[in-house]
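Trainee: The structure under discussion is supplied below as structure tokens; questions concerning it will follow.
All of the numbers you see were taken from the coordinates with simple rules; none came from a lab. The structure presented is a predicted model; accordingly, all values stated were derived computationally and were not measured. In this analysis, Cβ positions are derived from the backbone assuming ideal geometry, glycine residues included, and neighbour counts consider all displayed protein chains.
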Amino acid sequence: MSFSKSKILLKNIFLFISILTFTFINFQSYFHFLGNQTTIYAYFLLSITIFYYFKFEISNLKKTAFSELIWRTFITSVVCFLAFTFCVSLLKSLPESKHKIFILGFIKTLLIVSICIFSSNGFFAFKKLLLYQKSKFIHFSWLIFEYSLIIGFIVSELTIFNYEKIYFFTMAFSAFMLFYLIFHQKWVAYLNFKSKIEALFFTFLISLVSILIAFYSWKLSIEPYVFGILYKPFIVITLLFVFSYSLVAFLVLVFNLPTSSVFEQKFEEIVSMHRLSDSLQKGKSEEQVYEVLLNSSISAVLADAGWIEIYPNEKEEKIVTRQQLYFGQVEEIKQITSNSLKLNLKSKEVFWIKSLKNEIKSSYSVIAIRYESFLSVPLIRADLVWGRIILVRETRDGFDKELIDIVINFCNQACISIDNFKLIQEAVTLERFKEEMQIAKDVQKRLIKEDLGIFKGYSLSNYSVSADLVGGDFYDICKINETQSIVLIGDVSGKGTSAAFNMAVTMGALHAMVVPGVSTALIAERANMALSASLEKASFVTLSVFIIDIITKNISFTRAGHCPGLLFRKCTNQVEVLNSKGMGLGIIRNNKFNQHIDTQNFNYEPGDILLLYTDGVIEIQNEKGEWFETNKLIEFLNTYATLDVIKMKERLKKELEYFSGNKEPKDDLSFLILKFN
Amino acid sequence: MSLIEITVIVESKDLIILKLKGDIDASSSIRLDKELEAAVLGAYNRILIDCTHLDYISSAGLGVFMSYIHELEEKKITLILFGIAEKVFEIFSILGLSEIMNIVKDKQEALNLKYIGNN
């Protein structure tokens, strides 16, 4: 900010100085209050300030505003030229008067000013054009050119050094550089057709003006009353530069005119490509991407109409956007292409027909459509054709290889866009699912309580972990009355969400049956009945039910397909496997079920331990793929029976972790440890 | 990647043998289900399952067998498992499936079952 401000300030200072100098020179020519040498210095100051004024003036312009730059240069040139010719004509027909010397001086100064303005304005304007998209080398060459010009200028103007050879050499060298530099006209390619026509006109006039100014200056310089200041090599070189650069620009423009439509076309493609990738970055909706794709493709290949269809599934197809076509026309073209041309629009091929009319003349006598060329490019994602863009043109053979490649490029870009869009959508959905799952987990935590409460007659500890966020294992202990409690443990086949749902249903059914007087077999039977109705065909539930009576110290149990519990007898130091006949729930879904289960009884003594578990515990695998197995559980009971239940739980957890190494459990696993008082 | 390898051998017009090799877990049970379904639809009287090289069956795998029990009974098709390892048999037996399914020692025994098994 401050930089450009200081530039403007500098520019205005130069303007001020030049006006001041201009006034001074005029008075000087009349009054002669200072010597002749002063006038020369004043001219030097005047031309240099004008020069620098334009340097800053033009460097403030926008880099790519070529038309504006040329327009300004042109206007300045015309004004200078008018001033110049006015002065020249005045010089020739100046009437004799006592103020003649003053007027002559004024005209002469004006002449110099107009030439300076013309040449410096042209010089810096063309410098800007020349250095557009410069290479390092061009920039370097330009610097050499400019500096040699300045050196030559100082040497000639101030006559400080009378080294004519140096002066001649620098001028000759800069002239030589000039011929290398004037052929850098890259800016021409960036104009559109209209600007090119304008620029053509302006550059021609600028070169004309420069040659006229040069010509008259040369003629004037031999007139005795105008001393040779106009014929300065510095001015010659700048004028030569302005002339030759504008002339070359004119020629380049002439030869560029016929191909300018191609450039414009290419630009349009680039802009369209940008628009497509823009819509990708800005996360526009799918429909918007389709629209941008269609519009870009149509304008890029000069098609007259088109549409995009997508295939949500094998059978369906949906037209998502169309341009310059009625729905009926789309249908008509579709029918022609699929019926008479037998195009399979769902294949990965690019279809390209030179003339629809020729292809189908036999089968359709009257063709309502007026389109001849046909182009269809598939939209492919994950190796699957999910849509197609169809473009038509009224001219025959309207699409060539080049244009088709553009459309294919566009389609690829659009596919990425839409891919991204879908990925974001999927991510959002996934996030929502995660939240739902978290809720499910919370619900499950309420069903499978970590803290089961305190019961008379035994102490207990429990542990449960799911392979997924939610699982199918379940256990619970409920009081029936003051002396009896019921212990449930089970496992729903499968894991994850469906297992969790079935688990919740099972828990509900079981809880409903916790009433005084109930028997374990009845619970299993009723649960089987309830689940038969709701479980899917390949699902089943395993269950063990224990009713503990702490007065009689008797336990009755029914095993319905569940892993047999283990009972550690304190008096014998032996572990009993509580095996019995038992069918899983949901396997036999009729009243034959009760034939396959039975109820067993046993008495316990204080210090006895009951270990109940789900199959996840014994099927936990180590790195060799071996199972934990029941034997290890028996061993565990024998070893750690003296610990209290909490310590036993921690111990068993450690054992399982140690056994499985770093392997994640494949299945849900749960266990319950009861130690009787 | 499927952990299970299933080889289907059609012995005769009414006898098909499915040879299982590997583990049947939740994902590989889908393949077992497919093969079993095809066998049931193929109208064979007897379907023999060779479990000699079956290392493990998960509850999902058991569910597959279980889900056909009713249909097999209706269609009077005999499903026989043979060569089952003790560890795998344990899994069948805990669930109670061994009571309602025909599980025999080897193929010969399975073939003999033809006369007694079909009710």
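Trainee: Against the longest alpha carbon principal axis of chain B, how many degrees, from 0 to 90 and to the nearest 10, is the axis of helix B:59-75 turned?
Mentor: Helix B:59-75 and the main axis of chain B meet at about 10 degrees.
Trainee: Further question on the same structure: Using a Förster radius of 45 Å, what is the FRET efficiency between A:Asn344 and A:Ile270 based on their Cβ-Cβ separation? Nearest 0.05, please.
Mentor: 0.85
Trainee: Continuing with this model, one more query. Using DSSP H assignments, which helices in chain A have an axial alpha-carbon span of 30 Å or above and a mean Kyte-Doolittle hydropathy of -1.0 or higher?
Mentor: Both cut-offs are met by A:2-31, A:36-59, A:66-92, A:100-130, A:136-158, A:193-221, A:233-256, A:260-281, A:401-447.
Trainee: Report the full-extension gain for the segment A:Phe179 to A:Thr642: residue separation times 0.36 nm, less the Cα-Cα distance, to one decimal in nm.
Mentor: Extra length from A:Phe179 to A:Thr642 when fully extended: 156.2 nm.
Trainee: Give me the distance in nm between label points sitting 7 Å out from Cα along the Cα-to-Cβ direction at A:Lys663 and A:Ile454, one decimal.
Mentor: Going by the 7 Å Cα→Cβ label model, 4.1 nm.
Trainee: Same structure again: What GluC sites (Glu not before Pro) in segment A:514-602 are in a loop by DSSP, with at most 13 other Cβ atoms within 10 Å of the Cβ?
Mentor: Here the sparse-neighbourhood loop sites are A:Glu536.
Trainee: So which of A:Lys136/A:Lys165; A:Lys441/B:Lys34; A:Lys653/A:Lys675; A:Lys128/A:Lys196; A:Lys553/A:Lys675 end up more than 21 Å apart, counting from Cα to Cα?
Mentor: A:Lys136/A:Lys165; A:Lys441/B:Lys34
Trainee: Would you tell me the mean number of C-beta atoms belonging to other protein chains that fall within 10 Å of each C-beta in B:90-102, as a whole number?
Mentor: Going residue by residue through B:90-102 and averaging, the value is 5.
Trainee: Hey, another quick one. Counting trypsin sites (Lys or Arg not before Pro) as exposed when in a DSSP loop with at most 12 other beta carbons within 10 Å, what is the longest stretch of chain B free of them?
Mentor: That would be B:14-75.
Trainee: Hey, with R₀ at 51 Å, roughly what FRET efficiency would A:Met529 and A:Arg381 work out to, going by the Cβ-Cβ distance, to 0.05?
Mentor: 0.55
Trainee: Which trypsin sites (Lys or Arg not before Pro) from segment A:379-421 combine a DSSP loop assignment with at most 15 other Cβ atoms within 10 Å?
Mentor: A:Arg396
Trainee: I need the phi-derived Karplus couplings for segment A:565-573: 6.51 cos²θ - 1.76 cosθ + 1.60, θ = phi - 60°, integer Hz, Gly and Pro marked x.
Mentor: x, 10, 10, 8, 8, 5, 5, 9, 6
Trainee: If contacts are Cα pairs under 8 angstrom and at least 6 residues apart, what is the relative contact order of chain A in percent?
Mentor: 8 percent
Trainee: For A:Lys98 paired with B:Glu109, estimate the spin-label separation in nm (one decimal), with each label point 7 Å from Cα along the Cα-to-Cβ line.
Mentor: Going from the A:Lys98 label point to the B:Glu109 one covers 14.9 nm.
Trainee: Find the relative contact order for segment A:419-487 and round it to a whole percent, using C-alpha pairs within less than 8 Å whose residues are 6+ positions apart.
Mentor: Relative contact order comes out at 25 percent.
Trainee: Averaged across the residues of A:553-566, what count of C-beta atoms belonging to other chains lies within 10 Å of each residue's C-beta?
Mentor: Going residue by residue through A:553-566 and averaging, the value is 1.
Trainee: Turning to a different aspect of this structure: In percent, how large is the relative contact order of chain B, given Cα pairs closer than 8 Å and 6 or more residues apart?
Mentor: 23 percent
Trainee: For a quick check: sort B:Ile24, B:Ile9, A:Ile103 by the number of other beta carbons within 10 angstrom, fewest at the front.
Mentor: The most exposed by this proxy come first: B:Ile9, A:Ile103, B:Ile24.
Trainee: Restricting to chain B, compute how many DSSP beta bridges are antiparallel as a %, nearest 5.
Mentor: 30 percent
Trainee: If you don't mind, another one. With runs of 4+ DSSP H residues as the only contributors, calculate the mean residue ellipticity of chain A at 222 nm using -39,500 (n - 2.57) per run, divided by the residue total and rounded to the nearest 500.
Mentor: -18500 deg cm²/dmol
Trainee: When A:Asp667, B:Asp50, A:Asp468 are ordered from fewest to most other Cβ atoms inside 10 Å of their Cβ, what list results?
Mentor: In increasing order of surrounding Cβ atoms, one gets A:Asp468, B:Asp50, A:Asp667.
Trainee: Got a sec? How would B:Leu97, B:Leu15, A:Leu469, B:Leu41 order by Cβ neighbour count within 10 Å, fewest to most?
Mentor: By the 10 Å Cβ count, ascending, the order reads B:Leu41, A:Leu469, B:Leu15, B:Leu97.
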